[in-house]
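The values are calculated or read from the model by the stated rules, or taken from the named source; none is laboratory data. For clarity, every value in this text was computed on a predicted model and none was experimentally measured. Positions of Cβ are backbone-derived with ideal geometry, glycine not excepted, and every protein chain shown enters the neighbour counts.
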């Protein structure tokens, strides 16, 4: 058998990686190598020469350490269904670890290593949305022309004291820059909507030419359909006229018409990651933090950073109306002290609160024709606005009577009824 061999005709050593070329000569011909001389000429250590002569090759791939190892127990606790915290997306978990546990790894690496743990990866597996095959068309609007209005509704949130609240997040998004304003509330009545819109316009420094909205009852008396233009609520129409914008309702059951704001709503699901860990005031601050973060991040669909493009857009907004026009739509907060009769004053009339708040300062707000009384952020009483001098809630009056020992224990409810009747309030 004749085998053709490769003949080495020249050898040029320019770097340590070339030293492997000497190996055949060493093996076949017993060639002796002056390793010290080679080390001096290449400017490397003699041991390095020996290593490369024996066939060492530097790895082309970087050795990575698992960036989740130190956070495994934390992630396991967070994703445990018993905690009540919900992470709909991996990005929410990554952000939560960054904000609360000092995690510093990149999001890409985080997702990469998360897949290595089947118990974590399976947590995030979801079914594809039913509308994946829907055909949509992109459209853009000019600076200052349009804002899109929506609510993230009925989010059940467990406060850290164990109580559950149903919260709603108002969202107004400028269509050109994607700059947005979030506001949190326990209800979404028309008065609250007016107050939030006024507040958002103040943040914007002006008013867009039109507002695109769905057929929410606070805006539309009759929904817009493919066959009907619908009917705008008279009070909302007056608000729009006062602020100088046009109302543009979407066709019912066509949320993609206002896709710019719809596509951003999932961001607010991050709230659920904090179930059981915050009080209401801290929840408001979390929504504010999310708001500022998303306004400073690149929007995938446009490649724009909202806060930067907002600077270009706000000059094209219409000016805010006069203060006298805006004032009726604003919800003002007043700080008052509870007197020894467990009452607070509002427009020369008095309204009751539970007796444990005597001598404490509370906050009052008037909207929906009711006086809302808060201690810190806890709602402690709601009264209809009245012309009566004294306004007691029956439960408050009974509590006050018990503490003051005004009546015998056996007669307390009957006496309370009689006294309230005399005060002009039936129990």
Any residue in the range 376-398 that's more than 22 Å from residue 333 (Cβ to Cβ): show its pairings with residues that are surrounded by fewer than 16 Cβ atoms within 10 Å (Cβ to Cβ) at Cβ separation under 6 Å, as long as the two are six or more apart or on different chains. 388/424; 390/423
Over the range 50-65, the set of residues surrounded by 13 or more Cβ atoms within 10 Å (Cβ to Cβ), at pLDDT below 75 and touching a helix residue (DSSP H, G or I) at 6+ places or on another chain (Cβ under 8 Å) is 53
Out of (1) crowded, with 17+ Cβ neighbours inside 10 Å; (2) assigned to a strand (DSSP E or B), what's the single condition that is false for residue 313? (2)
